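Visitor: Just passing along the structure, written as structure tokens.
The values are calculated or read from the model by the stated rules, or taken from the named source; none is laboratory data. Everything numeric in this text was worked out from a predicted model, so none of it was measured. A quick note on method: Cβ atoms are made from the backbone with ideal geometry, for glycine too, and the neighbour counts reach across all protein chains shown. Accessible surface areas use protein heavy atoms only, side chains included; no ligands, DNA or RNA. Shrake-Rupley method; radii C 1.70, N 1.55, O 1.52, S 1.80 Å.
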Protein chains: 2
Amino acid sequence: MILEKKKMFNDFATSKGLRSTRQRDIILDIFLSTHQHVSVEELYLKIKSSNLGIGHATVYRTLKLFTEAGLAREILLHDGQTRYEHVVKGEHHDHLVCTGCNSIIEFEDATIEKLQDEIAARHGFLIKSHKMEIYGLCANCRS
Amino acid sequence: MILEKKKMFNDFATSKGLRSTRQRDIILDIFLSTHQHVSVEELYLKIKSSNLGIGHATVYRTLKLFTEAGLAREILLHDGQTRYEHVVKGEHHDHLVCTGCNSIIEFEDATIEKLQDEIAARHGFLIKSHKMEIYGLCANCRS
DNA sequence: CTGATAACTGAAAATGAATATCAAAAGCAT
DNA sequence: ATGCTTTTGATATTCATTTTCAGTTATCAG
Ligand SMILES: [Mn+2]
Ligand SMILES: [Mn+2]
Ligand SMILES: [Zn+2]
Ligand SMILES: [Zn+2]
């Protein structure tokens, strides 16, 4: 799994003529070791606390590369910070976002995805990506 | 239609003990005269070009009031600017966003909305709002 | 291995949207 | 009109992200 992701990035780097650097290796390692929905700052701090000095700019730049390489997805919730999550090949999910405790529940719904395709087709629209977020209170925060 | 919106804001203002000001009247007029999905900056410039001096801060503040009053909805696309659209009572729609020409197509799908409710219910989640955006190329930009 | 070249890094500065500050102005009740 | 409270807006501030650019490093031809 992790090796597969590393290979994926390697292939991407090769195809784009990117160089292999210490920083990119470290950032990839740490990104792969995180759970879902990490903000750039969280990653930066995690790297910092490992006594590995890497600059902010490099973390930002590298996460964009991961996104381009298809192994990360950018998520913009309503907290003013860009977050990244892992892309699992052949999977897609959307989010229930709790405004009480900021927790995120993931869900998949094939019917919704199909309806989206139909709507797009009806408008001659070519889908590249989509996002769907449901905001509200999770079971815990309701009570 | 426009009178109805003005009354709506008036009622809201009264219920909140807000004062009636020249600035709020102007911003409401201009907001109601726009089409969908205006950014704060666009509104600000429109006001400025009408030779009516109103500060940035006031435009930001007032649009939040409109949102609270239920006559505007905040939209966050991927261009780093908050936009606002008109709320039509009893209606809801989502967006197809063209990454080629930045145009936006609106659509409604009752089945998707119902599926969202079901998913939320399944997780004991109480929905407050949701957003769904499909990104890609519109019919024009495809060709 | 060596040197040339182009890519990469990161500290620091810049950007840009949005918010906070606060003194002056304006609305409203009496 | 008076007095009190809200509102405004120029300005400063915040904060995430991007840009700059000089120094560093990876890669590759010789
Ligand atoms: Mn997720
Ligand atoms: Mn719309
Ligand atoms: Zn919660
Ligand atoms: Zn288009």
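Visitor: With a Förster radius of 30 Å, plug the Cβ-Cβ distance of A:Asn102 and A:Lys48 into 1/(1 + (r/R0)^6) and report the FRET value to the nearest 0.05.
Guide: E between A:Asn102 and A:Lys48, to the nearest 0.05, is 0.85.
Visitor: Report the charge-dipole magnitude of the protein assembly as shown in Debye, nearest 20, computed about the Cα centre from +1 at each Lys and Arg Cβ and -1 at each Asp and Glu Cβ.
Guide: 1020
Visitor: To continue, here is another question. Amide H to amide H, which residues 5 or more places from A:Ser103 or on other chains are under 5 Å from it, using H placed in the peptide plane?
Guide: The list, which skips near neighbours in sequence, is A:Cys98.
Visitor: If you consider only alpha-carbon coordinates, what radius of gyration and Dmax does the stretch B:94-136 have, in Å?
Guide: That works out to 13.0, 40 Å for Rg and Dmax.
Visitor: Suppose all protein chains stay in the model; what accessible area per residue would a 1.4 Å probe give for the stretch A:88-135, in Å²?
Guide: Computed with neighbouring chains in place, this is 51 Å² per residue.
Visitor: A further question on this structure: Beyond a 27 Å Cα-Cα separation, which of these cross-linked pairs lie in this structure: A:Lys46/A:Lys128; A:Lys131/B:Lys89; B:Lys46/B:Lys114; A:Lys64/A:Lys128?
Guide: Check vs 27 Å cut-off fails for A:Lys46/A:Lys128; B:Lys46/B:Lys114.
Visitor: Quick one: with label points 7 Å out along Cα→Cβ, list the inter-copy distances for B:Thr67 in nm, shortest first?
Guide: So the label point of B:Thr67 gives 2.1 nm to the other copies.
Visitor: Once Rh is set to the Kirkwood radius over Cα pairs, what Stokes-Einstein translational diffusion coefficient, in µm²/s, holds for the stretch B:2-86 at a temperature of 10 °C and a viscosity of 1.306 mPa s?
Guide: Result for D is 122 µm²/s.
Visitor: I would also like to ask the following. For A:Asp79 and B:Lys114, FRET efficiency with R0 = 35 Å and r from the beta-carbon atoms, rounded to 0.05?
Guide: Efficiency at R0 = 35 Å is approximately 0.75.
Visitor: I've got another one for you. Tell me, for the rotation carrying A onto B, which chain A residue has the beta-carbon closest to the axis and what that distance is in whole Å.
Guide: A:Met132, 2
Visitor: A further question follows. Would you work out what percent of the accessible area of chain B, with all protein chains in place, is carbon or sulfur (probe 1.4 Å)?
Guide: The C+S portion of the solvent-accessible surface of chain B is 52 percent.
Visitor: Taking a point 7 Å out from Cα toward Cβ as the label site, list the nm distances between A:Asn51 and the same residue in every other copy, smallest first.
Guide: 7.0
Visitor: How many percent of all Cα-Cα pairs in the protein assembly as shown sit more than 33 Å apart?
Guide: 36
Visitor: Hey, another quick one. Treat each spin label as a single point 7 Å out from the Cα along the C-beta direction, and report the A:Arg61 to B:Met1 distance in nm.
Guide: In this crude label model, A:Arg61 to B:Met1 measures out at 5.1 nm.
Visitor: Computed on alpha carbon atoms, what radius of gyration and Dmax characterise chain B, expressed in Å?
Guide: So, for chain B, Rg and Dmax equal 17.3, 54 Å respectively.
Visitor: Separate question: What are the nm distances, shortest first, from A:His93 to its equivalents in the other copies, labels at 7 Å along Cα→Cβ?
Guide: 3.2
Visitor: Out of A:Ser49, A:Gly80, A:Leu63, whose Cα points farthest toward the positive end of the dipole of the stretch A:42-114 (charges: +1 Lys, Arg; -1 Asp, Glu; placed on Cβ)?
Guide: A:Ser49
Visitor: Report, in whole Å, the centroid distance computed from the Cα atoms of the stretch A:35-111 and the stretch B:63-142.
Guide: If we compute the Cα centre of each part, the gap is 22 Å.
Visitor: With a 1.4 Å probe on protein heavy atoms only, work out how much accessible surface B and A bury together, total over both chains, in Å² to the nearest 100.
Guide: Buried area (both sides, nearest 100 Å²): 3100 Å².
Visitor: As I understand it, the dipole of the stretch B:94-136 uses +1 on the Cβ of Lys and Arg and -1 on the Cβ of Asp and Glu, about the Cα centre. Which of B:Gly124, B:Ile134, B:Ile104 lies farthest toward its positive end?
Guide: B:Gly124
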